[in-house]
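Undergrad: Would you mind keeping the following structure in view while I ask a few things?
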Amino acid sequence: MKKTIVVPVFIAVNAVLTIPVVSCQPIRYAAIATPRIEQIDATQNNRDFYPFSGKNSPNNLKILRAFLKDFKGAENVSWFKSANGGCAAQFTKDSVQITVRYGSNGTWNYTLKRYAEKKMSADLRTLVKKSFFDYAIKEVVEITMQNQEDVIYRIMIKNDESFKILMICREEMQTIGDYSLR
């Protein structure tokens, strides 16, 4: 006679029933600010969170399913609590730091990809260097948001005297920050 193992079902049911209440400051400008999120402390809340791949994952199965569908090959994922029960996952793939945010119902909210100049597309690099040829490109943040078709790029450039933060969308560039180093 075969024995049926009910442990995975118990974990799944327990995960759905014991979703912790979390609160965080809302993100006002997702394109400019990094989300305010708290890393999940596994040693403190290990009955509420269980290992996934990396630090710990949320016990919300909808978020896990959505993440696994969108990022199949992700490794060493760090999970963070976010506003209204949602979570953010962070990992690095091919020298690109990726942060993805899901709402408590498992819906994707946005993805941030941070990378260096060498990972930029040639068209994007040309657009920046055409106007700011004497600046070095220090960081690119590629922002993809829910309900928005266009990708937004936030680019930090620097020279000896100042650094600027540029926002590019639909090949239109704006300077959203201009700071002197002196």
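Undergrad: I need two numbers for the stretch 64-123: Rg to one decimal and Dmax as a whole number, Cα atoms only, in Å.
TA: 12.5, 39
Undergrad: Return the inverse of the average 1/r over all pairs of distinct C-alpha atoms in the stretch 116-182, which is the Kirkwood hydrodynamic radius, in Å to one decimal.
TA: Final number for the Kirkwood radius of the stretch 116-182 is 12.3 Å.
Undergrad: Subtract the Cα-Cα distance of Asp150 and Lys118 from 0.36 nm times their separation in residues, and report this length gain in nm to one decimal.
TA: 9.3 nm
Undergrad: For Lys93, which sequence-distant residues (separation of 5 or more, or a different chain) have an amide H within less than 5 Å of its own amide H, given hydrogens modelled in the peptide plane?
TA: Placed amide hydrogens put Ile98 under 5 Å from Lys93.
Read-outs: derived from the displayed coordinates by stated rules, not from any lab. None of the values given here were measured: they were computed from a predicted structure.
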